[in-house]
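Student: Once you've had a glance at the structure underneath, I'll fire off some questions.
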Amino acid sequence: MPQSAATAGAAAFVFPAVAVPCRVLPQRRARSLAVRAVASPPASTVKPAPPPSKTGKWEWKFENKPVNIYYEEHEQEVAENVKNILMIPTISDVSTVEEWRVVAKDIVGRKGELGYRATIVDWPGLGYSDRPSLNYNADVMESFLVELINSPNSPVANADDELVIVGGGHAATIAIRAAGKGLIRPSAVAAVAPTWAGPLPIVFGRGSDMETRYGLLRGTLRAPALGWMMYNVLVSNEKSIQSQYKSHVYANPDNVTPDIIESRYELTKRKGARFVPAAFLTGLLDPVQSREEFLQLFAKLDGDVPILVVSTLNAPKRSKAEMEALKGSKGVTKFVEVEGALLPQEEYPLAVGEELYSFLQESFATRR
């Protein structure tokens, strides 16, 4: 989940006893538009998305080792002037392509001047992708994203420099960082509930003493036997997952259904499931180290890449502050708020879908 379920337990295990909060157009000229809140039916009234048009595995090679990456495609049977969208899940303990399915179907199912094809891809070490014991950090995740987009045999290989990237949480920030370096060339980016700090660093800071503790916890979680035991106690149990979803992942606790908890619990039982959470929890996946750097990532793309920021009305205090800092910030083309907390695309997919579709139409439909 966007804020690790291990956070509270980890704080009691090797950190001070602190209550740990949640995690945190034609001219293509960036501009800040009016902010508005958009309502959506509760998650319980949203029908599950139909199955994807296609699923598959793409082989990513890291340090000469093959890693099978799961992806799925959603598209209309007949569509002209199709624009490709890459959707990347929020990096978390229970990250999964499932969080974007209803949004994908909503967008590709609309009729208009442009058609859309959405490809949702699981990160290495998460979701339904392979979970090898790599030394995961923000650079590794960025390298994966760059190769996915630029590889001639990837699921999004035929985007022709017209790929729209949609990401949640850390995923959005990593994509914007890669674009700022010129490693990828998206035609637009949508950052949904964007974050940059892992659970423990945002609470306890990054002093040398804390970094030592983070390293100890990370090493413990990665250990062959003790690691699984610790992971099962802190993360891989239904009670912890339910608690995290109700406290800050979803805005409305009533939307946290038994089916969601069971599905996410199963993800934590996959082979190698603890490796990425060990890195995320302790800040190794953080793409920047400060709010100033966070804002600079967006500013670097000012006037070059349209950027939509989707904030949420009920995000936890510290995460909300980082999202709010982007309101009116240089490089942010459009800033909106929707219902939800840290996973609005799953809890309120129709609201997120409406904002994404509106942004796409404003950015591209009038250019043709």
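Student: Given the stretch 304-356 reduced to its alpha-carbon atoms as identical point scatterers, what log10 I(q)/I(0) does the Debye formula return at q = 0.24, 0.29, 0.30, 0.31 Å⁻¹?
Tutor: Here log10 of I(q) over I(0) equals -0.92, -1.14, -1.17, -1.20.
Student: Once you list every other residue whose beta carbon is under 14 Å from the beta carbon of Pro224, what net charge do they have if Lys and Arg are +1 and Asp and Glu are -1?
Tutor: +3
Student: Report the Cα-based extents of the stretch 72-153 along its three principal axes, largest first, to the nearest Å.
Tutor: For the stretch 72-153, the Cα spread along each principal axis is 44, 27, 17 Å.
Student: Give the calculated FRET efficiency between Asn232 and Lys317 to the nearest 0.05, with a Förster radius of 41 Å applied to their Cβ-Cβ distance.
Tutor: Calculated transfer efficiency: 0.85.
Student: While we're here: Note the full-extension length gain between Lys57 and Asp302 as 0.36 nm times their separation in residues minus their Cα-Cα distance, in nm to one decimal.
Tutor: 84.7 nm
Student: Simple spin-label model, 7 Å along Cα-to-Cβ: Arg110 to Ala223 in nm?
Tutor: Rounded to a tenth, the inter-label distance reads 5.2 nm.
Student: Given the Cα-Cα distance of Ser358 and Gln76 and 0.36 nm per residue of separation, how much length would full extension add, in nm?
Tutor: Separation in residues times 0.36 nm, less the Cα-Cα distance, equals 99.7 nm.
Student: Restricting things to Cα coordinates, could you compute the convex hull volume per residue of the stretch 219-325 in Å³?
Tutor: In the stretch 219-325, the Cα hull volume divided by residue count equals 141 Å³.
Student: Semi-axes of the equivalent ellipsoid for the stretch 114-208, please: Cα gyration tensor eigenvalues, times 5, square-rooted, ordered largest first, whole Å.
Tutor: Working through the eigenvalues yields semi-axes of 25, 16, 13 Å.
Student: If I model a spin label as a point 7 Å beyond the Cα along the Cα-Cβ vector, how far apart are those points for Glu211 and Asn158 in nm?
Tutor: 4.7
None of the figures in this text is laboratory data; all of them are computed from the coordinates on show. Computed from a predicted model, the values in this text were never measured in an experiment. All Cβ positions, even for glycine, are placed from backbone atoms using ideal geometry, and neighbour counts span all protein chains on display.
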